[in-house]
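Chemist: Structure below; questions to follow.
The values are calculated or read from the model by the stated rules, or taken from the named source; none is laboratory data. The model shown is predicted, which means the values in this text are computed figures rather than measured ones. Every residue, glycine as well, gets a Cβ built from its backbone with ideal geometry; the counts of neighbours run over all protein chains shown.
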Amino acid sequence: MKKVIVTGGLGFIGSNLIQLLLKKKYFVLNIDKVSYSSNFYNIKSFKNNKNYKFIKLDINNKKLFTIFKKIKPCGIFNLAAETHVDRSIDEPKHFIKSNILGTYNLLECFRKFNKLNSKAKLIHISTDEVYGDVLSGRSDENYQYKPSSPYAASKASSDHLVYSYVRTFKIPAIITNCSNNFGPRQHPEKLIPKLIYNIINNRKLPIYGKGLNSREWIYVEDHCEALLKVFLNGKIGEFYNIGSNKNLNNIQITSSLIKTAKIHIDLGKNVKIKYIKDRPGHDLRYAINSNKIKKKLGWKSKTNFMKGLNKTFLWYYNNQKYFSNLNKKDIIKRLGK
């Protein structure tokens, strides 16, 4: 049985990826440091699977190499990262430590391991935010990096580190840059699950500025399938953008969620948009060109946005215990002023 490691597997994308990998008959080791955004509720459906194992460890820890040697994975998916822009505005140092220094340590451990097992591959998962504001058109893999937030800058730095190790040390690694994900198991500090939490709990719906900030949205399961496709067929040293070509601004997202929620529940009187002061350095638009992965690897997103949104709302509505595993302040507190 082929073995893989997923870092950050208690998080949103990581736990969804593990679920896919287990379905595909991989043995999966989940390495997670268990931070505020980690949630053991995310793994409850597969925690007892005989092909799943969890180890609590920060990717800054040099014990990673020992784990690599013991497990002998054929692939490592690096999703361990601090991801919330608002938090990076409040405390950039955590993002430097996790996203830059953590990636550096992982690369050093993987470089040593690669000398023992040259066939193992590293898939480094990044974001479209490294490109910064894309006011017109769509950013392809050759678009300049121009990150606006400490979060985006830390991810851009990690991408550059990975690529430098490919060029200098010849490690077999691939970098992916994905658009905004939505779906089950996402921490409610992010827009869609925060709005769902507030709708369910009859709270106002906070929207930055005028609500015109536009993002490209992809259902998380589609992203995970793309990551597996990149792992199996991607070219070493390449970058792959992963997106849906579906852009919506925050007003459209909120309106769509209200429409979806009305199908399933009666809305409380407080469920209405409340405009709040914008985030500093807030990019207006992200939009990526995913033609490369479509043409080279035959992948494209397949989940209709409204169907994905309906599945997402129902998951949170039917899994409200998920919220109880989190600190309420992490859900409702405004950060990054």
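Chemist: Just name the residue that is nearest to residue 12 (Cα to Cα) out of those in region 217-232 that are touching a helix residue (DSSP H, G or I) at 6+ places or on another chain (Cβ under 7 Å) and not in a helix (DSSP H, G or I).
Modeler: Per the criteria, the residue is 219.
Chemist: Right, something else. Looking for something more than 24 Å from residue 319 (Cβ to Cβ), of a type in the set (A, V, I, L, M, F, W, C), free of Cβ contacts under 8 Å to residues at least 60 places away in the same chain and surrounded by 15 or more Cβ atoms within 10 Å (Cβ to Cβ) - is there at least one such residue anywhere in region 6-13?
Modeler: Within region 6-13, none of the residues are more than 24 Å from residue 319 (Cβ to Cβ), of a type in the set (A, V, I, L, M, F, W, C), free of Cβ contacts under 8 Å to residues at least 60 places away in the same chain and surrounded by 15 or more Cβ atoms within 10 Å (Cβ to Cβ).
Chemist: While we're here: Restricting attention to region 175-199, and to residues there that are out of contact with any strand residue (DSSP E or B) (no Cβ under 7 Å at 6 or more places or on another chain) and not in a helix (DSSP H, G or I), which single residue is surrounded by the most Cβ atoms within 10 Å (Cβ to Cβ)?
Modeler: The qualifying residue surrounded by the most Cβ atoms within 10 Å (Cβ to Cβ) is 186.
Chemist: Residues of region 86-98 being in contact with a helix residue (DSSP H, G or I) (Cβ under 8 Å, 6 or more places away or on another chain), surrounded by fewer than 24 Cβ atoms within 10 Å (Cβ to Cβ) and either within 19 Å of residue 132 (Cβ to Cβ) or of a type in the set (Lys, Arg) (or both), which ones?
Modeler: Result: 87, 89, 92, 96.
Chemist: Next question, about the same structure. Looking at residue 319, is it closer than 16 Å to residue 186 by Cα and surrounded by fewer than 18 Cβ atoms within 10 Å (Cβ to Cβ)?
Modeler: yes
Chemist: State all residues of region 122-148 that are without any contact (Cβ under 8 Å) to a residue 60 or more places away in the chain, among the aliphatic types (A, V, I, L, M) and in a strand (DSSP E or B); if no residue qualifies, say none.
Modeler: Passing the criteria: only 122.
Chemist: In region 10-111, which helices (runs of 4 or more DSSP H) lie fully inside it and hold 2 or more residues that are basic (Lys, Arg)?
Modeler: Working: elements: 12-23, 63-71, 85-90, 92-95.
Correct list: 63-71.
Chemist: Quick one: count up the residues across region 156-174 that are within 16 Å of residue 122 (Cα to Cα) and either in a helix (DSSP H, G or I) or out of contact with any helix residue (DSSP H, G or I) (no Cβ under 8 Å at 6 or more places or on another chain) (or both). Before you say what the answer is, go through the steps one by one.
Modeler: Initial filter on region 156-174 (within 16 Å of residue 122 (Cα to Cα)): 158-174.
Checking the rest, the ones that are also either in a helix (DSSP H, G or I) or out of contact with any helix residue (DSSP H, G or I) (no Cβ under 8 Å at 6 or more places or on another chain) (or both) come to 158-170.
The total comes to 13.
Chemist: Turning to a different aspect of this structure: Residue 271 passes all but one of (1) among the β-branched types (Val, Ile, Thr); (2) surrounded by 15 or more Cβ atoms within 10 Å (Cβ to Cβ); (3) part of a helix (DSSP H, G or I); which number fails?
Modeler: Just one mismatch for residue 271, condition (3).
Chemist: So, one more: Could you pull out the residue among 303, 312 that is more than 29 Å from residue 90 (Cβ to Cβ) and either surrounded by fewer than 18 Cβ atoms within 10 Å (Cβ to Cβ) or in contact (Cβ under 8 Å) with a residue 24 or more places away in the chain (or both)? Spell out the reasoning first.
Modeler: On the way: 312 fails: more than 29 Å from residue 90 (Cβ to Cβ).
The conditions single out 303.
Chemist: Out of 29, 21, I need the residue that is surrounded by 24 or more Cβ atoms within 10 Å (Cβ to Cβ), out of contact with any Asp or Glu (no Cβ under 8 Å at 6 or more places or on another chain) and either within 23 Å of residue 234 (Cβ to Cβ) or modelled with pLDDT of 95 or more (or both). Which one?
Modeler: That would be 21, the only listed residue that is surrounded by 24 or more Cβ atoms within 10 Å (Cβ to Cβ), out of contact with any Asp or Glu (no Cβ under 8 Å at 6 or more places or on another chain) and either within 23 Å of residue 234 (Cβ to Cβ) or modelled with pLDDT of 95 or more (or both).
Chemist: OK, next. Just for region 257-285: of the residues that are free of Cβ contacts under 8 Å to residues at least 24 places away in the same chain and among the basic types (Lys, Arg), which one is farthest from residue 134 (Cα to Cα)?
Modeler: Step one: of region 257-285, the residues free of Cβ contacts under 8 Å to residues at least 24 places away in the same chain are 259, 262, 266.
From the residues that got through so far, the ones that are among the basic types (Lys, Arg) too are 259, 262.
Numbers: 259: 29, 262: 34 Å.
Taking the candidates together, the pick is 262.
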